Every structure is written in structure tokens, then in C-alpha cells.
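Quick notes on the structure that follows.
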Amino acid sequence: MPADIRALINDRVESISDLNRAINLATWHADTTGDAEQRRTATEAKKRLAQLLSDPNDYRVLREAEQAHSGQAGTPDRVGPLLAREVAVLTRMYARNQMTLEEIAEQTDLQAEITDIFVHFRADLAGQSASENDINQVLAEEHDTPRRRKAWEASKQIGREAAPKVIELVEARNRAARRMGYRDYYSMSLANDELDEAWLFALVDSLAAKTDAPFESEKARLDRSLAAKFAVEPEQIGPWHYSDPFFQRAPADGSVDLDPVFRGKDLPALARRFYDGIGMDVGDVLFRSGLYERPGKYQHAYCEDMDRNGDIRVICNLRDNHDWMSTLLHELGHGVYFKYIDPCLPYLLREHAHLLTTEAVAMVMGNQTYDARWLTEIAGVDAARARELEAAAARASALESLIFIRWCLVMVNFERALYANPRRNLNALWWEMVSRYQLVRPPAGRDEPDWAAKIHMALYPVYYQNYMLGQLLSVQLQSAISRRVGTKSLTGMPEAGRWLIDSVLGPGARWHWNEMIQLATGSGLSEQPFVRAVQALKE
Ligand SMILES: [Zn+2]
């Protein structure tokens, strides 16, 4: 490892951390207020960061340092493994940004245009402007099938607006990736994200095969109960009969309805009580967050660490229902991950081990609403009612993750095909995937870019596999916690929080993500705990 590599890293990190902070703050203001000026500021800062990371000389020096280090494997390294890891992390940041100024400008501008569409678009529902919350509310509550269908169709209007730009952006990303020597942008992104494509798609196929049978029987059972609820025949069940526009979540079929538990409740106070009980303080995060709906605001939820120095914030659009309770716990899961990373680590490693590991922790937290002790001690459900809910809730939770994994199979397979050929008939391909993995039939004659209505397709490219892997890891983490603290529940268990901080959150990015999982749970990422949980649905 060349001696001056430390100096190079220190120098570049100073600029990178300044730019990241500027990007995060401007994005935060743009997302909470819809301020176009702040959006432009964020876009400019993103371009400057991409330009910095496009420097071919830096990239060459970093690659040489990385190779020099790996060549001495096994010998005691005076610079230490932390520096080697910093070099590896920074090299990958450069690798994905080896672009020309024109390529950077083209991609960031297109991305900003699409962001604007997703932030400002409001669907037209029976002549009224409808937010995503409005549409989801119809899908959650409406019993009339034609009205549900109208709401579902409204949820897809944004697809038509976004699709041409998304295809343009996909092609721009591909052009740059191919010039850098990759097959396409998809394979480049996985490679620079420490994910092996062959491994990933072997897992995808294996998950599909192992969940085909349980999903088919659960889906049939679900459709029967939805048919009874909506007074239609099971074969008339359409995509609008599920409780969300993409059937990513288990629909309310009457078996367990947690919405009444949260009506009129102070969701942030409940979240705080739960996190306090596991020894994690989220008061400061909540204080800085933007939690409620307002005009022009970003409609989804996320958590961001503004500066890797304690300024952590969440965006939500809270309403007093189960979905938002679970989402708030989920986002705060990302929040505590950021917060409890060892502050002594260098900047480049003061980050989650991988996006999949922070998703897994967030999912463990978001899933707490299905836990009987959580329902009684945090949400104030009386004990008898909580025991009643417990079996149904455990089942609902397993079903929820099965439905989510099948949805992930659509997203992951579709996205790989999208980048392989963005000019094929994507509308038809989308419904082929939806029919294959979610067993949802397309409405007769439908030829719309429904795939482009999903925000990730445009703005969070090659991200969905992290949710899928995160879902598998969340089951693995949950069972590791149960083994350690002797109970499935985290509620009121500071030792569970302690273990998470020491073994999962604290190490940040100091190790390869799968090494961290191996050290924390005793084995690398495995689909087995998830598959076992799904198979238990039959019992
Ligand atoms: Zn998340």
C-alpha cells in the first residue's frame, strides 16, 4: 500500500463529505417543501460529486493500492485492515463514476426531471386530484369494485408520464456503462455493490422454486376471502382488489385488522416508547424529522444521515393506521443503524455494511407491530385481545414476507430484463412477470407502462435486490435475536438492542457485508430461515 494513499483518501473525503452533506440537505428541503431551487442545488452538487469521482488518475492510484494490498494477503499489514477497507470502498465509488462530463450531466438532469414528476404528480381520480395516500385509502377501505378499479387505474397514471423519460435514462445509463466495459448498467451496479450476479440470480430462481407451492395455496386462500369480502367470484378478483397498487403487501382480508389499534394514536410516541425499551434513543431523530403530509411534499418515506455526524432525519406522511406505524418503525430502524455506527470509524466506513443490511434491520423493526408483546406494552392493546391477535398476527407476518418476496421476484427479474433491452415490449413483459410470480392476471387488453409507476424503476435503480436480500436477512437476524435473548419479542429487551448495536450496527462498513453477517449470526446470508418460516404457514 503506497504511503501517500492515506493523504489521498483524507483529501478526497473532505470534498466528498462536504458535497454529500450539501446534496442531502438540499434534497431534504426540496422533498419536504417541493422547492424547485433546492432541487437544482442538489442536482448541481450531485454533478460536482460525480465529476470528482470520475477522475481517472485517482481511480488508477486507488486500484493499484487495492491490488498491492490484496497481493500481500496473509502478511501482517502495518496500515491495518481499516485502511484497506477504506480503499476498497472508495475504489468502488470511483468505479461506478468513470463517466464523461456529458454523461454525468445527461444522467443527473434526467434523474432530476423524473424526480420532479414523482414529487409533484397527483393522479386524477373522478375529477379530483389524488395523492398516493388518497389512493391507498380507497384501496384499503372501499368495498365497491368499480370504484376500487378506478383508484387502481389512477395509481398507474404516473407511469404514462414517467415511462418515456425512464427509458431515456436507462439507455443513457447503459451507454455509459458499456463504454466503461460492462455488459450494461445493471451488471455494473451489482459488481460495484459487492453482489455477484450469478449468485444473486441462482438465489432468485431457488426462492421462486421454493415458494411456488406455498404462494399458490396462500394466494388461492386469499382470493377466496377477498371474493367473499367484495361479493365477487374468486376468478373475478383483479389487481384492484388487493390493498395496495402493486400487491406488495398482504391485503386486509378480515383475518387480522390492525388499523383500529392505531386510530387516534400518537405514532411517533409509540415508536419512541418501543425504541427506548431496547435501549435506543430516537428522540433526536424524530425531532429533526418531517413526519406529516403537506402540499408539494415527497409522498414516500425515507431516512437519511445528512452528515455521518449525528444529523439523521426521517421523511414520512403519517396517518394513524397500521401501514404508517410499521413504516415509521422501519425508517427509524434505518435511523438507529446510522446513529449507532461506531463514531470512531473513518468517514468512508461510517455507513451500513450494505444497503441490504440496513433494510434487514429496518424490516425487523417494521415487523414489530405483529408482535403480541409490542401490541400490549407499546400500543396499549389489552392482553386478552393481544393473545387473540397473536396467532393471526404471526401468520399475517409470515404471509406478509411471502407476498413481499414474490413481489421482489417481479421487480428484480423485470429490472434485469429492462436494462438488457429497454426497447422491447416492456408493458407486456411486466404483466408476464406479474402473472408468473404474483399470480395476478392482467386486466383484459391492458397495454400501459404500469412498471414505470413504480418509483424505484426510475429513481432507485438496481436497488430492489437489497429489499429481497434484506427480507431474508431480517428473518435470519430475528432468529439470531430469539436464540440470544430467549424470546421472539424485542419489546422491553435492552439486551436485544445491545446485541444489534455491538454485532450489526456498530461495525458499520468495516467488513464485507457477508463477513459481518457471518460474525454476527454464525453463518453467512441464507434463505433457509425465511423458507422455514414460509413453510410453517401450512401448519
Ligand atoms: Zn427501508
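The values are calculated or read from the model by the stated rules, or taken from the named source; none is laboratory data. Treat the numbers as computed from the prediction; the structure is a model and nothing was measured. Neighbour counts run over all protein chains shown; Cβ positions are idealised from the backbone, glycine included. The area values use the complete protein model at the heavy-atom level, side chains included, leaving out ligands, DNA and RNA. Shrake-Rupley method; radii C 1.70, N 1.55, O 1.52, S 1.80 Å.
Between ASP55 and GLU216, the modelled label-to-label distance comes to 5.8 nm, taking each label 7 Å out from Cα in the direction of the beta carbon. In this simple spin-label model, placing a label point 7 Å from the Cα along the Cα-to-Cβ direction at both TYR292 and ASP276 gives a separation of 2.1 nm.
Charged side chains reduced to their Cβ positions (Lys and Arg at +1, Asp and Glu at -1) give the range 319-438 a dipole of some 500 debye around its Cα centre.
How much net charge surrounds ILE341 when only the other residues with a Cβ under 11 Å from the Cβ of ILE341 are counted, with Lys and Arg +1 and Asp and Glu -1?
+1
Please name whichever of PRO214, LEU195, GLY238 sits farthest to the positive end of the charge dipole of the range 142-269, dipole taken about the Cα centre and charges placed at Cβ: Lys and Arg +1, Asp and Glu -1. Result: GLY238, furthest along the dipole toward the positive end. Normalised per residue, the accessible area of the range 82-167 is 44 Å², obtained with a 1.4 Å probe and no contribution from ligands, DNA or RNA.
Legend: calculated FRET efficiency, GLN535 to ARG436, from the Cβ-Cβ distance at R0 = 25 Å, rounded to 0.05, equals 0.75.
Rounded to the nearest Hz, the phi-derived 3J(HN,Hα) couplings of the range 369-381 under the Karplus curve 6.51 cos²θ - 1.76 cosθ + 1.60 (θ = phi - 60°) are 5, 8, 8, 4, 5, 4, 5, 7, 6, 9, 8, x, 6, where x marks glycine and proline. Under the criterion of Cα pairs below 8 Å and six or more residues apart, the relative contact order for the chain equals 17 percent. Projection of the Cα convex hull of the range 367-514, averaged over all directions and equal to a quarter of that hull's surface, yields 12.0 nm². Between the range 148-203 and the range 367-397, the C-alpha centres lie 38 angstrom from each other.
Measuring nothing but how far apart in sequence close Cα pairs (under 8 Å, 6+ apart) lie, relative to its length, the range 107-175 scores a relative contact order of 42 percent.
When nucleic acids and ligands are ignored and a 1.4 Å probe is applied, SER479 ends up with an accessible area of around 40 Å². Taken over the chain, the alpha-carbon convex hull comes to 146 cubic angstrom per residue.
When the Cα positions of ALA391, ALA417, MET363 are compared along the charge dipole of the range 359-425, ALA417 comes out farthest toward the positive end, with charges on each C-beta of Lys, Arg, Asp and Glu.
Computed extension length for SER206-GLN518: 110.2 nm, one decimal, from 0.36 nm per residue of separation with the Cα-Cα distance subtracted.
At the residue level, HIS354 shows approximately 10 square angstrom of accessible surface with a 1.4 angstrom probe and all protein chains present.
The Cα atoms of the range 93-244 give a gyration tensor whose axes a ≥ b ≥ c have a/c of 1.5 or more with a/b no greater than b/c, which makes the shape oblate.
Its relative contact order, with pairs defined as Cα atoms under 8 Å and 6+ residues apart, puts the range 427-539 at 20 percent. Each Lys or Arg adds one and each Asp or Glu subtracts one; over the other residues with Cβ under 10 Å from the Cβ of PRO245, this totals -2. With the convex hull drawn around the C-alpha atoms of the range 377-458, the volume per residue stands at 135 Å³.
Using a 1.4 Å probe on the protein chains only, how many percent of the accessible area of the range 44-169 belongs to carbon and sulfur? About 50 percent, which is the carbon plus sulfur part of the accessible surface. Derived value for the range 187-240: Kirkwood hydrodynamic radius 13.8 Å. Basis is the mean of 1/r over every pair of different alpha-carbon atoms. By the Stokes-Einstein formula, at 1.002 mPa s and 20 °C, the range 48-146 with its Kirkwood radius over alpha-carbon pairs has D equal to 119 µm²/s. For GLY34, the residues whose modelled amide H falls within less than 5 Å of its own, excluding neighbours fewer than 5 places apart on the same chain, are TYR298. Here the range 190-236 exposes an accessible surface that is 54 percent carbon and sulfur, computed with a 1.4 Å probe and the other protein chains kept in place.
Between rounded, prolate and oblate, where does the range 152-214 land on the alpha carbon gyration tensor, with a ≥ b ≥ c its root eigenvalues, rounded for a/c under 1.5, else prolate if a/b exceeds b/c? Taking the square roots of the gyration eigenvalues as a ≥ b ≥ c, the range 152-214 is oblate. Across the options GLY283, TRP511, GLN299, the greatest Cα extent toward the positive end of the charge dipole of the chain (unit charges at beta carbon of Lys, Arg, Asp, Glu) belongs to TRP511. When the surface is traced with a 1.4 Å probe over the full set of protein chains, PHE215 keeps roughly 0 Å² accessible. Here the range 256-314 exposes an accessible surface that is 47 percent carbon and sulfur, computed with a 1.4 Å probe and the other protein chains kept in place.
Evaluated with a Cβ-only charge set (Lys, Arg +1; Asp, Glu -1), the range 296-344 carries a dipole of roughly 120 debye about its Cα centre, given to the nearest 20. Label-to-label distance, ASN10 versus GLU37, with points set 7 angstrom from Cα along the beta-carbon direction: 3.8 nm. Here the calculated FRET efficiency for ASP116 and ASP18, from their Cβ-Cβ distance with R0 = 41 Å, stands at 0.95, rounded to the nearest 0.05. Per residue, the range 337-490 exposes an accessible area of 34 Å² to a 1.4 Å probe, with every protein chain left in place. With viscosity 1.002 mPa s and temperature 20 °C, the Kirkwood radius over alpha carbon pairs of the range 313-452 converts through Stokes-Einstein to a diffusion coefficient of 118 µm²/s.
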